[in-house]
Ligand code: FES
């Protein structure tokens, strides 16, 4: 970097930082690979550091400037040279840089919001619960103590949406967590084990527990399917239920969280 680094190069670095920040935010929003988001963030840092260094260089007075000896006397201060007052190093390009960092600052929040919202399944508000044969279920179709595998209507082959619908006895409903997520004793959880993704296929009505046959994780249905033994550390995501005007069970939205183990459906 020479002493007379062209200002256009500094501006190019600032613009590069701004564009890279926008790119990083966009990449995070569309769930691009973390390597791309990180690479763009690194480019923002590098380009901004370059621009700052160039600016500092421009502001630095040359070492060989000497003030000539003069007779000391009271005299009016002369105005600063025009090139000092007009140095445009803090011009609008630095507003772009500030904007770039502001955008970059929201990248983690964008990524968090995107991760927190969808579970990656087809469950949406108003989706009817249907059997694997596509038959919609009413609130009293399932016998108390019963269990049924259900899917969102129109998506019976979507494995990620596989859900267990259970109907709890009234004495269990009274002490259950998230009672407002149930409807008439019906309660629904993701069937995909949060340990390694096996189907949670066994229901023990006597203890109101779900068992995963792969590594014997046990989930407490009454307490929002939290794991009570085995290797799973996270509860089965729950589906809030309601009924539509025709009396069919529907989801009030997506699952309470991501389905399956942490690595489920994430390839990058
Ligand atoms: S996959 Fe369910 S306990 Fe391991």
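The values are calculated or read from the model by the stated rules, or taken from the named source; none is laboratory data. Note that the structure is predicted; figures quoted are calculated from it, not measured. Note that each Cβ is placed from the backbone with ideal geometry, even for glycine, and that neighbours are counted across all protein chains shown.
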Test for residue 236: is it at pLDDT 95 or above, within 14 Å of the ligand (Cβ to nearest atom), in the same structural domain as residue 256 (by TED's automatic domain parsing) and part of a loop (DSSP other than H, G, I, E, B): yes
Filtered residue count, the stretch 204-225, keeping only those that are modelled with pLDDT of 95 or more and outside any loop (DSSP other than H, G, I, E, B): 6
Residue match in the stretch 103-115 (condition: crowded, with 17+ Cβ neighbours inside 10 Å, in contact with a strand residue (DSSP E or B) (Cβ under 9 Å, 6 or more places away or on another chain) and modelled with pLDDT of 65 or more): no
Of residues in the stretch 164-194 being farther than 12 Å from residue 147 by Cα and within 16 Å of the ligand (Cβ to nearest atom), the one surrounded by the most Cβ atoms within 10 Å (Cβ to Cβ): 193
Condition check for residue 210: in the same structural domain as residue 137 (by TED's automatic domain parsing), within 16 Å of the ligand (Cβ to nearest atom) and over 27 Å from the mean Cα position of the chain (by Cα): yes
Candidates 197, 146, filtered to the one that is within 16 Å of the ligand (Cβ to nearest atom) and surrounded by fewer than 20 Cβ atoms within 10 Å (Cβ to Cβ): 197
One residue from 243, 221 being under 29 Å from the mean Cα position of the chain (by Cα), away from the ligand (no atom under 15 Å from the Cβ) and touching a residue at least 24 places away in the same chain (Cβ under 8 Å): 221
